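Here's the structure, in structure tokens; my notes come after.
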Amino acid sequence: MEEVILEAFRSRFTIFFFSFAAGFVLLAVVLEFLRGMPWWCSCPVCEAYVTKSWSGRFDNLCDWYAHLLRESPTRTIHIHVLRNTVTANPDNVEHMLRTRFDNYPKGKPFSAILGDLLGRGIFNVDGDPWRFQRKMASAELGSTAVRFFASCIVTAEVRGRLLPLFDAACAGRAVLDLQDVFRRFAFDNMCKISFGLDPGCLELSLPVSEFAAAFDKASVLSALRATSTMPIVWRAKRLLNTGSERELRDAIRLVNLLANELIRQRRKLGFSSNHDLLSRFMACVDDDKYLRDITISFLLAGRDTVASALTSFFLLLSRHPDVRSAMRDEIDRVVGRGAATASYDHLRDLHYVHAAIHESMRLYPPVQFDSKFCLDDDALPDGTFVGRGTRVTYHAYAMGRMEELWGSDCHEFRPQRWLKNGTFAPESPYKYPVFQGGFRVCLGKETALMEMKTVIVAVVRQFDIDVDVQAAWPPKFAPGLTATLKGGLPVRIRRKACTESDMSPRTI
């Protein structure tokens, strides 16, 4: 009996031992395989990215990237776990955006990441779909008549809504979230200019603010996909409709309601005789899903980027009274003291204001970086090899902080660096890729600058904006497709003081 029990024990122990050994060998093989995958890398940069140890020294991921790029002799780095080459070298940027443009499309991986939100919109496609949308948008946004029409809309919004809101805030000593104010303002303008609709006229089942919150959440969650070292994780969550992917799906459902209502209202009012952007597309596109993708892409471009640029501008201006004084002097000289807003012609003569806007976006670009995917093996001008399928990113935020590009005072807010004999002097778009460059240069650049200048002139000449600098500085950004201040920008509005003393520039 004992021998039978002992034999059974030996048999089971042998099975257990060999099963354990086989499992151990299998685990070793799997681990070795995983170590060969792009998401597994033990170099210091990848380890810091995965563990987020960079956050011990830097407030934002973009600041850490800027530090790494400054330390690199070629101003190019590799994040192996993302299979991502990141550069702040203007020669590399020109190579991507112009010289080898066809080899650096948005690519299928990028389209997959943003596909649920942007679909087949202009910012998420290549080839013929991109050329078609760009041609249509160019005909609308490139026209001088359309820009003048847009200027009239923006001026009316400033006079009729923005300035009265600031007046009310002055009277009630209310705290405003300036970032939220500018987002609402930019949304209204975008709807009127590009869709021919006033958001106040939309028949929505929920307040516009809830749709805006859904848009923000969808932007954040879509952007977080791109930061994942293992895309299979978010793909699995999307398949199972769980966690952040379920939240993204719910947010996109609300975004779709908004886009569909814009299309429905435009169709209800008629579009054959209208010249807004949506009407032009509706005249030749009989696919509401495609129109939805186009609508959402232009909402993202027109609302978030302008709002981000204006928010950062007034944050910087609150720290530099000398710049504010110089702007007021120029506005009084060019526009005169009587008008509440500047005319379309006056805006072109405000060189210092124009310079201040560009300087603000040099330090805080609305889109901090932009990525393409390499189609075929290539070498960048700095000698960096780029393998097929590699994500290649140019980092506009970091480029604004490079001494060899902007001098030893690159961290200072100095609008005069853009002026030559008092006239604005633009820089190469590959040194200053805030509006991209080459074949994908931003079509809405002039309209966006006009909108920002109209707001800035009207606000700066009448109001002082008080920011709690201790709470708001240094800026901390939330994840997203555009630069968004975490927690917004709470401010108090005061009527402009009668006199103010100039102060010397401070480092940002």
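Of PHE413, PHE58, the order by accessible heavy-atom surface (1.4 Å probe, DNA, RNA and ligands excluded), from most exposed downward, is PHE58, PHE413. Counting pairs of alpha carbon atoms under 8 Å apart in space and at least six apart in sequence, what relative contact order in percent does the chain give? Relative CO of the chain lands at 23 percent. Between the Cα long axis of helix 178-195 and the first principal axis of the chain there is an angle of about 80°, rounded to the nearest 10. Projecting the Cα atoms of GLY115, PRO129, TYR104 onto the charge dipole of the range 91-187 (Cβ charges, centred on the Cα centre) puts PRO129 farthest toward the positive pole. Taken one residue at a time, the phi angles of the range 105-110 give Karplus couplings (6.51, -1.76, 1.60, θ = phi - 60°) of x, 4, x, 5, x, 5 Hz. Gly and Pro are set to x.
Ignoring the sites themselves, the chain has its longest run without trypsin sites (Lys or Arg not before Pro) in a DSSP loop having at most 16 other Cβ atoms within 10 Å at 174-336. Along the axis of the charge dipole computed for the range 411-494 (Cβ charges of +1 for Lys and Arg, -1 for Asp and Glu, origin at the Cα centre), the listed residues PHE424, LEU449, ALA478 are led at the positive end by PHE424.
Calculated [222 nm] ellipticity per residue, helices only, for the chain: -17000 deg cm²/dmol; basis is -39500 (n - 2.57) per DSSP H run with n ≥ 4, divided by all residues, nearest 500. The distance from the alpha carbon centre of the range 390-457 to that of the range 57-121 is 18 Å, rounded to a whole number. The residues of the chain expose on average 47 square angstrom of accessible surface per residue, using a 1.4 Å probe on protein heavy atoms.
One decimal place: the segment GLU47-THR423 gains 130.6 nm when fully extended, by the rule 0.36 nm per residue minus the C-alpha distance. Here the chain is treated as a sphere whose radius is the Kirkwood value from Cα pairs; by Stokes-Einstein at 4 °C and 1.567 mPa s it diffuses with a coefficient of 52 µm²/s. Considering only protein heavy atoms and a probe of 1.4 Å, how much of the accessible area of the chain is carbon and sulfur, as a whole percent? Whole-percent figure for carbon plus sulfur exposure: 58. Within the range 67-121, the proportion of C-alpha pairs whose separation exceeds 15 Å stands at 62%. Extension gain, GLN416-ASP91: 0.36 nm per intervening residue step, less the Cα-Cα distance, totals 114.5 nm. What the Cβ-Cβ distance of TYR290 and PHE148 gives, at R0 = 35 Å and to the nearest 0.05, is a FRET efficiency of 0.75. Could you give the Stokes-Einstein D for the range 296-413 in µm² per second, using the C-alpha Kirkwood radius, 4 °C, 1.567 mPa s? D, rounded to a whole number, is 75 µm²/s. About the centre of its Cα atoms, the chain shows a dipole size close to 680 debye [charges on the beta carbon of Lys, Arg (+1) and Asp, Glu (-1) only; nearest 20 debye]. If you sort the three axes of the alpha carbon gyration tensor as a ≥ b ≥ c, you get a/c of 1.5 or more for the range 39-184 and a/b no higher than b/c, which makes it oblate. Rounded to whole numbers, the Karplus 3J(HN,Hα) couplings from phi for the range 309-319 are 5, 5, 4, 5, 4, 6, 5, 5, 4, 5, 9 Hz, using 6.51 cos²θ - 1.76 cosθ + 1.60 with θ = phi - 60°, and x at Gly and Pro. Each residue of the range 287-292 was assigned a 3J(HN,Hα) from its phi angle through the Karplus expression (A = 6.51, B = -1.76, C = 1.60, θ = phi - 60°), giving 8, 5, 5, 5, 4, 4 Hz with x at Gly and Pro.
The values are calculated or read from the model by the stated rules, or taken from the named source; none is laboratory data. All values derive from a computational prediction rather than experimental measurement. Backbone-built Cβ (ideal geometry, glycine too); neighbour counts: all protein chains shown. Side chains included, ligands, DNA and RNA excluded: accessible areas come from the protein's heavy atoms. Shrake-Rupley method; radii C 1.70, N 1.55, O 1.52, S 1.80 Å.
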